[in-house]
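Student: What follows is a structure written as structure tokens; I'll ask about it next.
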Amino acid sequence: MRRPPGSLFDDARVRPDVLRDRSPMRWGAHPPGVIPLTAAEPDFPGPQEVRDAIVLAVADGYFPYASPAGLGELRETFADVARARHGIRADADCVVLTPGTASALWGVVHLLCGGGDECILLDPVDLLFGQAIDAVGARRVYCPVDKRTGQLDPERLASLITPRTALICLCNPHNPLGTVLPEETVRAIAETAGAHRVPVLSDEVWNEIVYPPAEHVSMASLDTRHSRRVFTVTGLSKTFALPGLRMGCVIAPNAREAHALQLTFQRLGATYSLTPFAQAGALAALRHGWPWRDDFLAHLRETRDHCVARLNAIPGMSCRRPDGTFVLFPDISATGLDSRAMTQFLLAEAGVAVVAGTREWFGPAAEGNIRLSYATSRRVLDEAFDRIEVAMARL
């Protein structure tokens, strides 16, 4: 029998005392008394089936190396899920397993780009894209996203393509704006990329955190007039609250490209190998974790609406309602403080940690915004917003 969502995601499930030891990127990064709404990781325990599978995998006491290519069974399962849930027609030999989606992004950029190349990325967008581009000596070319609407102009993107363009990087659903690009936008970008023979890196790690009536459309699922090379990145960290499992994958356009990507990972070093325990947990999540995900999404949808209402009630803040993800990107420019100053103010005066909308985190266009994660309990969030309201009244 399915449990009601509240039993999995009620206030008691979030335990700051435990998280301060277990979550060094979030709770453990600040002293007791600070509420962290920073890293985009959930504060809830992941699916029980995943925990059971990992315990079983270590019960016999053997800790062997894993094959660099990973379990064939897991690659097949990723392909099955991509086909059934997102319409991506790919076989297991197109799937490359990676230790997290950040590694996946780096691997694809290293495969396709080099010094002197140009890579188009969105502005604002998560810092991992720019870091990967910089690491290979390529040049960032920013394509603006309208922060008020979250929308991307495909014609503007097309105008940025030059003979040096080696890659177009998308993030859909979008971090930090929470936009889910409509099919016509995704299709227009796919057509443009195909016509110019430019490959696309499509980061879709948030593809299961989408709130109806919005619908996520994977670029790799589309039939277009022009052939195109789409490398789809996905993973388990957002869908099943498993960031520390370090399990992601790339769905390459074909088996030949997948093999080339696997060789790229091998050249990048042993840090890109997988553990057998993570793979056992990933199999359990993809096979048995979907009821948990459905309840998680229901919790997040209610929480999103509550958080947006509370933020918009605070003078000086304005927040659009996202179609996906579990992060918000409120505009704070009306306060007269820049993003970094606002972050410092909220930490010092409210005891609430958020992420500044600065160039190093999200690109030049992020200035005037802050980002916060709401994948936590209503009690934690209300305490944070109560503190913010009091502090902002003194500003």
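Student: Of all DSSP beta bridges in the chain, what percent run antiparallel (nearest 5)?
Tutor: If I count the DSSP bridges inside the chain, around 45 percent turn out antiparallel.
Student: Report the one residue of ALA258, PHE277, GLY115 whose Cα lies farthest in the direction of the positive end of the charge dipole of the stretch 72-288 (charges on C-beta: Lys and Arg +1, Asp and Glu -1; origin at the Cα centre).
Tutor: GLY115
Student: What FRET efficiency comes out for ASN312 versus VAL390 if R0 is 22 angstrom and r is the Cβ-Cβ distance? Round to the nearest 0.05.
Tutor: In this case the efficiency is close to 0.80.
Student: Taking the Cα centre of the chain as the origin, how large is its charge dipole in debye, to the nearest 20, when only Lys and Arg (+1) and Asp and Glu (-1) carry charge on their Cβ atoms?
Tutor: I would put it at about 240 debye.
Student: Okay, moving on. Can you give the FRET efficiency to the nearest 0.05 for ALA29 and GLU367, using r as the Cβ-Cβ distance and R₀ = 25 Å?
Tutor: 0.60
Student: So if R0 is 51 Å, what FRET efficiency would ASP146 and TYR62 give, r being the distance between their Cβ atoms, rounded to the nearest 0.05?
Tutor: 0.45
Student: In addition: Determine the gain in length on full extension of the stretch ALA348-ALA135; use 0.36 nm per residue of separation and subtract their C-alpha separation, reporting nm with one decimal.
Tutor: 73.2 nm
Student: Span-like helices, the chain: DSSP H, alpha-carbon axial extent 15 Å or more, mean Kyte-Doolittle 0.5 or greater, which ones?
Tutor: Those that clear 15 Å and a mean of 0.5 are 48-58, 101-112.
Student: Given the options THR335, THR77, THR376, state which has the largest fluctuation in a GNM of the chain using a 10 Å cut-off (strictly under) for Cα springs.
Tutor: Most flexible of the set in this elastic network: THR335.
Student: Using θ = phi - 60° and the Karplus form 6.51 cos²θ - 1.76 cosθ + 1.60, what ³J(HN,Hα) does each residue of the stretch 369-376 get, whole Hz, x for Gly and Pro?
Tutor: 10, 10, 10, 9, 9, 10, 7, 9
Student: Using every alpha carbon pair in the chain, what percent of pairs falls into each 10 Å bin from 0 up to the bin containing the largest distance?
Tutor: Here the calculated profile for the chain is 5, 23, 33, 26, 12, 2, 0.
Student: Identify, among VAL198, ALA220, THR325, the residue whose Cα sits farthest towards the positive end of the charge dipole of the chain, taking +1 on the Cβ of Lys and Arg and -1 on the Cβ of Asp and Glu, with the dipole about the Cα centre.
Tutor: Farthest towards the positive pole: VAL198.
Student: Then there's this: Take every DSSP beta bridge whose two residues both sit in the stretch 72-288, then give the antiparallel share in percent to the nearest 5.
Tutor: Antiparallel bridges: around 35 percent, rounded to the nearest 5.
Student: Still on this model: Rounded to the nearest 500, what is the chain's calculated 222 nm mean residue ellipticity when only DSSP H runs of at least 4 contribute -39500 (n - 2.57) each, over all residues?
Tutor: It lands at -12500 deg cm²/dmol.
Student: Quick check: the distance between the Cα centres of the stretch 337-395 and the stretch 125-184, to the nearest angstrom?
Tutor: Computed from Cα coordinates, the inter-centre distance equals 25 Å.
No lab work stands behind these numbers, since they all come straight from the coordinates. Here the structure is a predicted model, which means the values were calculated and not measured. Positions of Cβ are generated from backbone atoms using ideal geometry, with glycine treated the same way; all protein chains shown enter the neighbour counts.
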